[in-house]
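Here the structure comes first, spelled out in structure tokens, and everything after it is commentary.
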Amino acid sequence: MLVNADFHVHSCFSSASSKDMLIKNMAPKSKLKGLQLLGTGDAFHPGWLDIIEQSTDYSGDGIYTCGDMDFVLTTEVEGKNRIHHLIIIPNMEIARELSDRLISKNKDTDGRPRTAYTGFELLELVREYDCLIGPAHAFTPWTGMYKSFDSIYDCYDKKPDFVELGLSADTFMADTVKELKDFPFLSNSDAHSPWPHRLGREFNAIELEDISFTSIKNAIKHRKIKANYGLIPNLGKYHMTACTKCFKIVDPIIARENKMRCSCGGIIKKGVDYRISEISDYGEPKHPDFRPDYIHLMPLAELISTVYGKGVTTKTVQGKWQRLIDSFQTEIDVLINVPVDEIEKVDSNIAPAIKAFREKSIDVVPGGGGQYGQILLNKEIKKRKVAKITTLDNF
Ligand SMILES: [Zn+2]
Ligand SMILES: [Zn+2]
């Protein structure tokens, strides 16, 4: 069976996370996004594990069910050098035991525990318990593995189970790095809120025997990811090299010459686009035979928000989003599968935007420095502070 799964989200216990990130909200919202399987996130947090137990029925083999949504235990852990790792865990008992072993004190402070473990130490420890591990958002500048290492083996010593691409990268970018040719890629949302433009904004279509931890493990080990769905990397908030304070996009070479300092006084962060170019071995991607399609998405709610000129979480936008979902079941169907003339009958303003998205004629102001990219319709380019600059004098 082909299952749409998002393995990386955060609970209400993570910093900067919505208080609505509760199982009872996540379950119906992820269903509307077309998912069948969701990672719980934060599975080393005792309070969150209690909530998971109270909100779900155990379906056996590591699967916790709420309504008709299945959950598998996952967590992100911060290790040495502030590198983020994603871990998929066999069951509740193991999550509690690993939580005890990994986090000696202040277990309740953050859903994403901060530790001093190296990638190698974490890998060794969680493998004792049959967990799967890989770098989270591997190329991002603050907490991605490749910010500190030029090779994944320098971080883990051994081969981890997968690489999570992160919102600012896709298969086309990652497959320019030779050492990644044997790794399955995961595309996950890293959602901190249940809004439809966050939860399930990236996910994997994965071939499972049945919905169980054992099947998930086998599928990842045997590289049975059948498709990755994810944002156009330009929309990611670390795609381009940019200032973290004023968000100007800066040429990476000039940024380095200026010691990563912006004229506004802010710190410039290297973009994923440039970081991948530094570690790449090929000018063009070389996809291994097993590599599935990467299907580019943009959040439907953001598309609606752009068309109607209203905030993405306003009643107008959410109402129009809901109407489309009620008519066509899931967001993926609206974005990719449903004929445009059918959409036209439900919302004649959105239909041309969906058509433009499918024809790849939507423009994006790229994200960088922590600011998401913006969708632009009808080539109506609202000028962001600076599209691209060549010298600091242009600031
Ligand atoms: Zn992270
Ligand atoms: Zn600046």
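The values are calculated or read from the model by the stated rules, or taken from the named source; none is laboratory data. Predicted, not measured: the structure shown is a model, and the values here were computed from it. Here Cβ is always computed from backbone atoms with ideal geometry, including for glycine, and neighbour counts include all displayed protein chains. All accessible areas refer to the heavy atoms of the entire protein, side chains included, with ligands and DNA or RNA removed. Shrake-Rupley method; radii C 1.70, N 1.55, O 1.52, S 1.80 Å.
Taking DSSP loops as anything outside H, G, I, E and B, show the longest stretch in the chain free of GluC sites (Glu not before Pro) there with at most 14 other beta carbons within 10 Å.
That gives 210-358 as the longest site-free run.
So if I take the centroid of the Cα atoms in region 279-341 and the same for region 120-149, what is the distance between those two points in Å?
28 Å
Taking the highest mean first, how do the peptides 214-220, 132-138 order by number of other beta carbon atoms within 10 angstrom per residue?
Listed from highest to lowest mean packing, they are 132-138, 214-220.
Highest mean first, how do 152-158, 281-287, 269-275 rank when packing is the count of other Cβ atoms within 10 Å averaged over residues?
269-275, 152-158, 281-287
Starting from 0.36 nm per residue, how many nanometres of slack lie between Val346 and Lys24 once their C-alpha separation is accounted for?
113.0 nm
Rounded to the nearest 0.05, what FRET efficiency is calculated for Lys360 and Phe290 with R0 set to 30 Å and r the Cβ-Cβ distance?
About 0.70, to the nearest 0.05.
Of the DSSP beta bridges with both residues in the chain, give the percent that are antiparallel, rounding to the nearest 5.
Close to 70 percent.
Work out how much length Thr65 to Ser148 would gain on full extension: take 0.36 nm times their residue separation and subtract the Cα-Cα distance, in nm to one decimal.
Here the segment from Thr65 to Ser148 would lengthen by 26.1 nm.
Please calculate how many Å² of accessible area region 51-90 carries per residue, with a 1.4 Å probe and no DNA, RNA or ligand atoms counted.
About 34 Å² of surface per residue is accessible.
Which entries of Lys226/Lys360; Lys221/Lys360; Lys178/Lys224; Lys19/Lys360; Lys217/Lys360; Lys80/Lys224 have Cα-Cα distances beyond 28 Å here?
Lys221/Lys360; Lys19/Lys360; Lys217/Lys360; Lys80/Lys224
How much of the accessible area of the chain, probe 1.4 Å, is carbon plus sulfur, in whole percent?
That share works out to 48 percent.
Taking the Cα centre of the chain as origin and charging only Cβ (+1 Lys, Arg; -1 Asp, Glu), how large is the dipole, in debye to the nearest 20?
Dipole of the chain, to the nearest 20 debye: 1760 debye.
Measuring from label point to label point, each 7 Å out along Cα→Cβ, what is the Lys245 to Leu376 span in nm?
The answer from the label model is 2.6 nm.
Taking amide H positions as placed 1.01 Å from N in the peptide plane, with prolines and chain starts having none, which residues 5 or more places from Ile295, or on another chain, fall under 5 Å of its amide H?
Under 5 Å from the amide H of Ile295 lie the amide H atoms of Asn228, Tyr229, Gly230, each far enough along the sequence or on another chain.
What net charge do the residues around Met69 carry, taking every other residue with its C-beta under 15 Å from that of Met69, with Lys and Arg at +1 and Asp and Glu at -1?
Charge balance near Met69 sits at 0.
Taking 0.36 nm per residue of sequence separation and subtracting the Cα-Cα distance, how much length would be gained by fully extending the chain between Ser277 and Ile336, in nm to one decimal?
Gain in length upon complete extension: 18.2 nm.
Counting only heavy atoms of the protein chains, get the accessible area per residue of region 299-361 (1.4 Å probe) and round it to a whole Å² value.
49 Å²
Work out the charge dipole of the chain with +1 on the Cβ of Lys and Arg and -1 on the Cβ of Asp and Glu about the Cα centre, then indicate which of Ser30, Ile52, Phe172 is farthest towards its positive end.
Phe172
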